[in-house]
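A quick write-up on the structure given underneath.
The values are calculated or read from the model by the stated rules, or taken from the named source; none is laboratory data. Source: prediction; values computed, not measured. Virtual Cβ from ideal backbone geometry, glycine too; neighbours counted across all protein chains shown. Note: accessible area is taken over every heavy atom of the protein model, side chains too, but ligands, DNA and RNA are not part of it. Shrake-Rupley method; radii C 1.70, N 1.55, O 1.52, S 1.80 Å.
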Amino acid sequence: GFVVFDSLGSKDEIFDLVEMHDENILGIGSTYDGTFNGLLVCLDSTGKFVDTFNGGKPVVTPAPEVPGGIQWLSGTQRPDKKIVVIGSTIGEANSKTVITQYMPNGEPDKNFGDGQGNLDVNLTDGLDMGSSIAVQGRQLVASGTSLPHEGGVRPFVFRCLQ
């Protein structure tokens, strides 16, 4: 079987799928309405939106302070069922990797990062693009790419103590 999201916009993308602890599937990506916004959708085994996740609606995460917005590229679920996603800001000469943690119901975890659920990581003076995240014990391990640099692209990996 498959699902086509007629209810989402024509410029929405899903980049990653995560199997949740409750056997639902979390779609991670972006939506576009002039700027990019992070997008999370939670589906049950029949492809329907899960009512207990944001009232059965997609979670759209704007980044109003960033010219081009934000895109989620990957994510995972912690053993305590909190959801962690990673992406990067768009439209900045010095873009940042952004990690956001959500509660199992899709609400931002205000105890994570900046008090709004976000952790902004600026590793270099170039484009830092976070692309994957994993849980290792109680910590997060993130990876991505930084560019441009003399000699090309540089991958990075870092550990978050959050």
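Quickly run through the stretch 121-137 and pick out the residues that are over 13 Å from residue 76 (Cα atoms) and either at pLDDT below 90 or among the aliphatic types (A, V, I, L, M) (or both).
Result: 121, 122, 123, 124, 125, 126, 127, 128, 129.
Would you pick out the residues in the stretch 28-85 that are under 15 Å from the mean Cα position of the chain (by Cα) and over 24 Å from residue 114 (Cα atoms)? Please lay out each step first, then the result.
Keep residues of the stretch 28-85 that are under 15 Å from the mean Cα position of the chain (by Cα), which gives 28-32, 36-42, 58-63, 69-78, 82-85.
Selection gives 32, 42.
What number of residues in the stretch 57-72 are in contact with a strand residue (DSSP E or B) (Cβ under 8 Å, 6 or more places away or on another chain) and open to solvent by 20 Å² or more (accessible area, probe 1.4 Å)?
From the stretch 57-72, those in contact with a strand residue (DSSP E or B) (Cβ under 8 Å, 6 or more places away or on another chain) are 57-63, 66-72; that's our starting set.
With the extra rule that they be open to solvent by 20 Å² or more (accessible area, probe 1.4 Å), the set shrinks to 57-58, 60-62, 67, 71.
The qualifying residues number 7.
Here's the yes/no breakdown for (1) hydrophobic (A, V, I, L, M, F, W, C); (2) under 26 Å from residue 19 (Cα atoms); (3) open to solvent by 60 Å² or more (accessible area, probe 1.4 Å):
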| residue | (1), (2), (3) |
| --- | --- |
| 74 | no, yes, no |
| 87 | no, yes, no |
| 107 | no, yes, yes |
| 110 | no, yes, yes |
| 116 | no, yes, yes |
| 133 | yes, yes, no |
| 141 | yes, yes, no |
| 155 | no, no, yes |
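For the stretch 65-81, check the following and say yes or no: at least one residue is under 28 Å from residue 161 (Cβ atoms), touching a Ser or Thr at 6+ places or on another chain (Cβ under 8 Å) and aromatic (Phe, Trp, Tyr). Even if it seems obvious, please write down each step before you answer.
Of the stretch 65-81, the ones under 28 Å from residue 161 (Cβ atoms) are 65-66, 69-81.
When the remaining residues are screened for being touching a Ser or Thr at 6+ places or on another chain (Cβ under 8 Å), the result is 66, 69-74.
From what is left, the residues that are aromatic (Phe, Trp, Tyr) are 72.
Yes, the stretch 65-81 has at least one match.
Against the definition (part of a loop (DSSP other than H, G, I, E, B), at pLDDT below 90 and open to solvent by less than 30 Å² (accessible area, probe 1.4 Å)), how does residue 146 come out, yes or no? If you could, list the steps in order and put the result at the bottom.
Values: part of a loop (DSSP other than H, G, I, E, B): no; at pLDDT below 90: yes; open to solvent by less than 30 Å² (accessible area, probe 1.4 Å): yes.
No: the conditions fail for residue 146.
Could you pull out the residue among 26, 39 that is out of contact with any Cys (no Cβ under 9 Å at 6 or more places or on another chain) and either of a type outside the set (Ser, Thr, Tyr) or in a loop (DSSP other than H, G, I, E, B) (or both)?
Values: 26 fails: out of contact with any Cys (no Cβ under 9 Å at 6 or more places or on another chain).
Step by step, each of 26, 39 is checked, and only 39 is out of contact with any Cys (no Cβ under 9 Å at 6 or more places or on another chain) and either of a type outside the set (Ser, Thr, Tyr) or in a loop (DSSP other than H, G, I, E, B) (or both).
If the Cβ limit is 9 Å and pairs must be 6+ apart or interchain, which residue in the stretch 36-53 that is closer than 30 Å to residue 92 by Cβ and among the β-branched types (Val, Ile, Thr) pairs with which residue that is in a strand (DSSP E or B) and open to solvent by less than 20 Å² (accessible area, probe 1.4 Å)?
41/26; 41/27; 41/28; 41/29; 41/59
Of the residues 135, 60, 98, which single one is in a strand (DSSP E or B), of a type in the set (Val, Ile, Thr) and over 19 Å from residue 37 (Cα atoms)?
Numbers: 60 fails: over 19 Å from residue 37 (Cα atoms); 98 fails: over 19 Å from residue 37 (Cα atoms).
Exactly one of 135, 60, 98 is in a strand (DSSP E or B), of a type in the set (Val, Ile, Thr) and over 19 Å from residue 37 (Cα atoms), namely 135.
Residues are listed down the side, and each one gets a yes or a no for (1) closer than 21 Å to residue 103 by Cα; (2) of a type in the set (Ser, Thr, Tyr); (3) at pLDDT below 95:
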site	(1), (2), (3)
6	no, no, yes
10	no, yes, yes
32	no, yes, yes
44	yes, no, yes
49	yes, no, yes
60	yes, no, yes
66	no, no, yes
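Quick one: residue 153 ticks every box in (1) of a type outside the set (S, T, N, Q); (2) more than 30 Å from residue 49 (Cβ to Cβ); (3) modelled with pLDDT of 90 or more except a single one, so which number is it?
(3)
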